[in-house]
Amino acid sequence: MRLTFSILIALIIAAVVGVGTTWMTATRGTDLNTLTIGAWTARPRTGTADVDPYARASIARSGELPIGTGDGIAFTATADDDKRPLDGRCDVVVSGVTPAARFWTLTLYDPKGQLVANSLQRYGFTSQEIVRSSDGAFELRIAARARAGNWLPTGAIERYSLMLRLYDTPVGVATRTQRDAPMPTLKTVGCP
């Protein structure tokens, strides 16, 4: 009787640990096959047949349609270059250039993966509409209150993430450094 009870407890503990670990991995992701440049992280194999099982489970759970490796790549950022979480009550400046791409989009999402609600209904910028300097660099302010120039409203939410999608780009599995793919910098410049 004691042996049966011990085996049952061990099986319950193993099941709880296994299901809990799987759930955490599917919801938070893993660092398997990731490409990190500055504050930006991408999973170049996500849109291929070589996708790891954890990324596949995360995609199935979220219902997102990943960009295929021949179409482009998607980078996400949840913190600035100093590892400070992106806070919608603070001013964050995204500046610099993007890697070579035919087209790109930069979109603001809440922690649940939904577009951030705001009165202007502006959720991001594209490479065709952003105002640049003569050298091709841009500066985009992400803030709760209106700012001059390229401005993206946060709705003053506490946390958000940015997704930079590059379409028709050479950036991918073989990319390893900022030199291979010059990514824009993220800097928190003002916080109440």
* **Extended-chain gain in nm, criterion 0.36 nm per residue less alpha-carbon gap, D71 and Y167** => 34.0 nm
* List V92, V131 from most exposed to least, where exposure is judged by having the fewest other Cβ atoms within 10 Å. => V131, V92
* How large is ³J(HN,Hα) for each residue in region 91-96, as worked out from phi by the Karplus curve 6.51 cos²θ - 1.76 cosθ + 1.60 (θ = phi - 60°), to whole Hz, x for Gly and Pro? -> 8, 10, 10, 9, 9, x
* Could you list S134, S95, S6 in order of exposure, starting from the residue whose Cβ has the fewest other Cβ atoms within 10 Å? => S134, S6, S95
* Short version: ³J(HN,Hα) in whole Hz for each residue of region 106-113, in order, from phi by Karplus 6.51 cos²θ - 1.76 cosθ + 1.60 (θ = phi - 60°), x for Gly and Pro, what are they? -> 10, 10, 9, 10, 7, x, 8, x
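Bear in mind these aren't lab numbers, they're just calculated from the coordinates by the rules spelled out. Every value quoted in this text rests on a predicted model; they were computed, and no experiment measured them. So basically every Cβ, Gly included, is an ideal-geometry build from the backbone, and we count neighbours across all protein chains shown.
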